[in-house]
2 protein chains.
Amino acid sequence: MAEDALRGGIDLGGTKIQAIVADSNNQVLGQARRPTPQKGGPPDVVAAMVEALEEAAEAAGVAPDTLEGIGVGAPGGIDDDAGTLARAGNLPGWRDPYPLAHELGDRFGAVVRLGNDVSVATDAEFHLGAAREFSSLLGVFWGTGVGGGIVLDGRQWSGRGTAGEIGHIPVRHHGLPCPCGRHGCVEAYAGRRAMEARAREAVDDGAKTVLFKIMEEKGRDRLTSGIWERAIERGDELAEKLIDDAIDAIGTGVASACNVLDPEAIIIGGGLGVRFGEPYARRISDAMMPHLFHDDDPPVIRVAELGDLGGALGAALLVA
Amino acid sequence: MAEDALRGGIDLGGTKIQAIVADSNNQVLGQARRPTPQKGGPPDVVAAMVEALEEAAEAAGVAPDTLEGIGVGAPGGIDDDAGTLARAGNLPGWRDPYPLAHELGDRFGAVVRLGNDVSVATDAEFHLGAAREFSSLLGVFWGTGVGGGIVLDGRQWSGRGTAGEIGHIPVRHHGLPCPCGRHGCVEAYAGRRAMEARAREAVDDGAKTVLFKIMEEKGRDRLTSGIWERAIERGDELAEKLIDDAIDAIGTGVASACNVLDPEAIIIGGGLGVRFGEPYARRISDAMMPHLFHDDDPPVIRVAELGDLGGALGAALLVA
């Protein structure tokens, strides 16, 4: 069975690289995760991707060269025809187009297809996850940044290549600076990176918080989703305030997107979205309602079912 | 020629009813305009629609019963299969579903189709107007309210029936009350009705303006697009300030919609949009840019080519 059309899927994130090996029924036979190199350049990142996929193959009990195809979901500028990835701001030294498909294809002897990380994760939820019964949906990926994926009438909508940028919907006039360089974007309040920067500033200004204490206890160098969750459990006021702001920003931005698209469903994914789960999806829904035009019949809102593996499963769908 | 498949088109607005008779090449053979009744109920509005279309037929030199089909673009809740219009907030006493198609069909002996006013105007610009060469576009209709129409991959996108509500994208946190009952929507700053309310409040608070003086001189009872234009020409500071706010709100809302859709083109229509034309379309573009994610390759922005007749022409396309 496992010999029949095995595929690899790699979700290339700014923090971690998640690899899976799936069979023709999209069952995950093996998986592995590596931290994304924070220094160096594309070859270092590719080396980590290769290791992760080899490890996933090993976990699946198959030789790496039995994979017939490999799909990669990545941030930045993707040219699937050329097989290159460019301008991946979250990856070290990755500006110019780099022949990612060629490198991976050479190593594994497989067809490689590249897709946008958020688009493939949305596709996974649409085909295999929480949005299976809908024909239109907005995927909301709440993690290091805030990304959005769109399916309309059963098809991905990517516009001229950058549709679904819900993290950069402006929600505050003359608001906080966003990592993108603009002001008042959803991501300036809700992206984990921006939330961490706000927490550090608050501490510099004398605020008390257990966030960084938990970070040290866990031996981490940044505020992961788990650290935020732990701080909230401990009733940390700063963490609660920043999460409140994040939810309010996401709710407002999602309402803006829904007033434009009027989709059947909203799927909340991403590291923070999956970690916080249903109760926070309901809070996002509550924050959305005051701004939703079609509020007598709001879209269904659900947490991504495929969790952390959605991106890699969606990547593997690229070569299905 | 005129005998060959003549069609009627009616744009049913809260202020005016615009009717046309078009031939099979979408040439306008005759047109007429009536004020929308501000009192009474659906029968009064239908009577005015009948008069307008009869007058347009007369101007075209044809008998009203030679029309093969009649299309109507209307605000509110349309059920084209049932031929009813409901919840038309801008029309007097029009709450329950009213058999508009049946009434008009009986009177003219023609097939009648109903469509959303903004959708048909967008469709007209897409097929016959400023967006002919594009396959995806956002139509922005800046008038009494602010409406939006969406074409993606050459097809209207209406979601579950209320897509494109760009007038109700939130652009100010805890902002001004909007006629829709929410706060901080684009329309709370840019809808002509809301702008007039702001102007009246400012006068009550002691502000000086020529807006209402021009209104009296023109014998009008509301601030029309022409009155706003005249006041701006005279350097009226209050009018300039309110128009500045309107443009800023539209620019922000359009940027939000573009960050979601990433369309090829933006078409600016509606009473104010068409009246103010290119220079103001550029100002909207300038106001959009700081919030546009894809700002190295912004969408083309144009004024609606079909002007005041776009809605009626788009309505006539419903029966093409």
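Using only side-chain charges placed at the Cβ, +1 for Lys and Arg and -1 for Asp and Glu, the dipole size of chain B relative to its Cα centre rounds to 860 debye.
The dipole here belongs to the range B:205-296: it is taken about the Cα centre, uses +1 on the Cβ of Lys and Arg and -1 on the Cβ of Asp and Glu, and is about 500 debye.
Extending 7 Å from the Cα toward the beta-carbon at both B:Ala207 and B:Lys241 defines two label points whose distance is 0.5 nm. Normalised by residue number, the volume inside the convex hull of the Cα atoms of the range B:174-275 is 112 Å³ per residue.
Computed from the C-beta positions of B:Thr15 and B:Asp295 and an R0 of 41 Å, the FRET efficiency is 0.70 to the nearest 0.05.
With label points set 7 Å from Cα along Cα→Cβ, the inter-copy distances at B:Ala5 are 4.5 nm, sorted shortest first. Restricting to the protein assembly as shown, what percent of DSSP beta bridges are antiparallel, rounded to 5? Counting only bridges with both partners in the protein assembly as shown, antiparallel ones make up about 55 percent. Partners of B:Lys16 within straight-line reach, counting lysines whose Cα lies under 18 Å from its Cα and excluding those fewer than 8 residues away in the same chain: B:Lys39, B:Lys218. Label-point spacing at A:Asp296 relative to the other copies reads 4.6 nm, in ascending order, each point sitting 7 Å out from Cα along Cα→Cβ.
In whole percents, the pair-distance distribution calculated for the range B:82-127 from its alpha-carbon pairs, binned every 10 Å from zero, is 25, 42, 31, 1.
As a size descriptor, the averaged projected area of the C-alpha convex hull of the range B:30-168 was calculated at 8.8 nm². The Stokes-Einstein estimate for the range B:130-304, based on a Kirkwood radius over Cα pairs and taken at 20 °C with 1.002 mPa s viscosity, is a diffusion coefficient of 131 µm²/s.
Put +1 on the Cβ of every Lys and Arg and -1 on every Asp and Glu Cβ in the protein assembly as shown; which of A:His291, A:Thr122, A:Phe134 then has its Cα farthest towards the positive end of the dipole? Going by the Cα projections, it comes out as A:His291. Distances between copies at B:Gly219, taken between label points 7 Å from Cα along the C-beta direction, are 8.7 nm in increasing order.
Between the Cα long axis of helix B:42-60 and the first principal axis of chain B there is an angle of about 70°, rounded to the nearest 10.
Using a 7 Å offset from Cα along Cα-Cβ at A:Gln38, what residues in the range A:2-23 end up with backbone N under 16 Å from the label point? Once the point is set 7 Å along Cα→Cβ of A:Gln38, A:13-17 turn out to lie under 16 Å by backbone N, inside the range A:2-23. Taking the fewest neighbouring Cβ atoms within 10 Å as the starting point, the ordered list for B:Ile232, B:Ile70, A:Ile243, B:Ile169 is B:Ile232, A:Ile243, B:Ile70, B:Ile169. Taking max minus min of the alpha-carbon positions on each principal axis, the range A:88-188 gives extents of 51, 41, 23 Å, largest first.
Only Lys, Arg, Asp and Glu carry charge here, each on its Cβ (+1 for the first two, -1 for the last two); on that basis the range B:130-304 has a dipole of about 600 debye about its Cα centre.
Note on A:Ala47 and A:Arg95: the model spin-label points, each 7 Å out from Cα along the C-beta direction, lie 2.2 nm apart. For A:Glu125, neighbours were defined as the other residues whose beta-carbon sits under 12 Å from its Cβ, and their charges (Lys and Arg +1, Asp and Glu -1) total -1. Across all Cα atoms of the protein assembly as shown, the radius of gyration (one decimal) and Dmax (whole number) stand at 27.2, 86 Å. Taking only Cα atoms, what is the 0 to 90° angle, nearest 10, from helix A:117-128's long axis to the longest principal axis of chain A? Tilt relative to chain A: about 80 degrees.
Rounded to the nearest 5, the antiparallel percentage of DSSP beta bridges internal to chain A is 55%. For the range A:224-317, what class follows from the C-alpha gyration tensor (a ≥ b ≥ c being the square roots of its eigenvalues): rounded when a/c is under 1.5, otherwise prolate if a/b is larger than b/c, else oblate? Here the range A:224-317 falls in the oblate category.
The average projected area of chain B, computed from the convex hull of its Cα atoms over all directions, is 16.3 nm².
Just so you know, all these numbers are worked out from the coordinates, no wet-lab data involved. No experiment lies behind these values; they were computed from the predicted model shown. Neighbour counts run over all protein chains shown; Cβ positions are idealised from the backbone, glycine included.
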